[in-house]
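Presented below is the structure to which this report refers.
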Amino acid sequence: VLDEASMVDEVLLNDLKGYELPILAVGDHGQLPPVMGSLNLMSAPMIRLEKIHRQAEGDPIVQMSLRAREGKAVLCGDYGTVKKVGRKRTEEIVEKYGADIDGAGMVLCGTNATRAALNQLLRARKGFTDARPMPGERVICLRNRREQGLFNGLTGELVSITQYESNPNYAQAKVKLDTGLEWEGVMRLDQFGMAKTIQVFERNVELFDWGYALTVHKSQGSEAPGVVVFDECGWMETEDLRRRWKYTAYTRASERLLIVG
């Protein structure tokens, strides 16, 4: 049984086919397809479940997510558990709606540039002003290392970190992952705050970044009671992808949703 099947790319699907067992793929056909490749396993499901169970059907989060899925606009306003506000400079939004952001389990955006800017602003709100990652900070894994229980998009808390004097771009660190696993090893420090993932694949060196803000692609498969979405998907190539982006972003929230856009 393959859950969150909308996230499965061709490489993973071929691995699973190698077991030569029947596969039951379950997922949400309205969500984003994988970043890599052209496969969209949930583009035309054989069976569609239409009744919503996560929230009551009249819940504002459900209504807004359905509007997004249908390509309809969501106007600025207060809808109860959903609120939409106009987009200003990121610094102004973080200052004005700081209480909503502090109480959110996820802060989501569309571009890595916004993610990097948000991470710095949200770090500062929590009192982390050092340029280097510090114990107690939220981090996100950026590379799959299955044998160590690390997967791209997995988040956790930095428990300890010791920078190498001989090479300041590396540190010995310990991370308590949200899965309950505790990882310990070497991480690159020059990845933190970068808009793009370093493409040098060094053996036994892991890539992490600050995890206060995530892109919507990285958030698939997760949910939180409170979610803040910086609605920026105009750069996506097609209207279908833009609808999927908004629907995926809005449905990460189970209780409260703040849309900035």
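The values are calculated or read from the model by the stated rules, or taken from the named source; none is laboratory data. Keep in mind the model is a prediction, meaning the values are calculated, not measured. Neighbour counts are summed over all protein chains in view; Cβ atoms, including those assigned to glycine, are modelled from backbone coordinates with ideal geometry. Side chains are part of the model used for accessible areas, which takes the heavy atoms of the whole protein and leaves out ligands, DNA and RNA. Shrake-Rupley method; radii C 1.70, N 1.55, O 1.52, S 1.80 Å.
Here is how the numbers come out for the structure above:
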item: Checklist (1) touching a Pro at 6+ places or on another chain (Cβ under 7 Å); (2) touching a residue at least 24 places away in the same chain (Cβ under 8 Å) applied to His29, failing item; result: (2)
item: Among (1) in a helix (DSSP H, G or I); (2) at pLDDT 95 or above; (3) in contact with a strand residue (DSSP E or B) (Cβ under 7 Å, 6 or more places away or on another chain); (4) open to solvent by 20 Å² or more (accessible area, probe 1.4 Å) - the single one Asp100 does not satisfy; result: (2)
item: Top-ranked residue of the range 196-210 - restricted to ones that are at pLDDT 90 or above and either more than 19 Å from the chain's Cα centre (by Cα) or within 14 Å of Ser160 (Cα to Cα) (or both), ranked as surrounded by the fewest Cβ atoms within 10 Å (Cβ to Cβ); result: Val205
item: Odd one out for Gly193, checked against (1) assigned to a strand (DSSP E or B); (2) open to solvent by 20 Å² or more (accessible area, probe 1.4 Å); (3) small (Gly, Ala, Ser); (4) under 27 Å from Pro34 (Cα atoms); result: (1)
item: Residue list for the range 221-261, filter: of a type in the set (S, T, N, Q) and in contact with a strand residue (DSSP E or B) (Cβ under 6 Å, 6 or more places away or on another chain); result: Ser254
item: In the range 160-190, residue nearest to Asn112 (Cα to Cα) [restricted to those that are among the aliphatic types (A, V, I, L, M) and surrounded by fewer than 16 Cβ atoms within 10 Å (Cβ to Cβ)]; result: Val186
item: Close pairs (7 angstrom Cβ cut-off, 6 or more residues apart or separate chains): more than 22 Å from Thr251 (Cβ to Cβ) in the range 4-25, part of a helix (DSSP H, G or I) and of a type in the set (Gly, Ala, Ser) anywhere; result: none
item: Residue pairs meeting the criteria (Cβ under 7 Å; at least 6 apart or on separate chains; first closer than 17 Å to Cys76 by Cβ, in the range 249-261; second of a type in the set (Val, Ile, Thr) and open to solvent by 10 Å² or more (accessible area, probe 1.4 Å)); result: Arg256/Thr81; Leu257/Thr81; Ile259/Val74; Val260/Val85
item: Number of positions in the range 151-183 that are under 30 Å from Glu223 (Cβ atoms) and either assigned to a loop (DSSP other than H, G, I, E, B) or under 23 Å from the mean Cα position of the chain (by Cα) (or both); result: 20
item: Selection from the range 32-61 of residues that are buried (at least 17 other Cβ atoms within 10 Å of the Cβ), free of Cβ contacts under 8 Å to residues at least 40 places away in the same chain and within 17 Å of Gly221 (Cα to Cα); result: Pro34, Asn40, Leu41, Met42
item: Among (1) in contact (Cβ under 8 Å) with a residue 24 or more places away in the chain; (2) under 19 Å from Val227 (Cα atoms), the one test that Arg67 misses; result: (1)
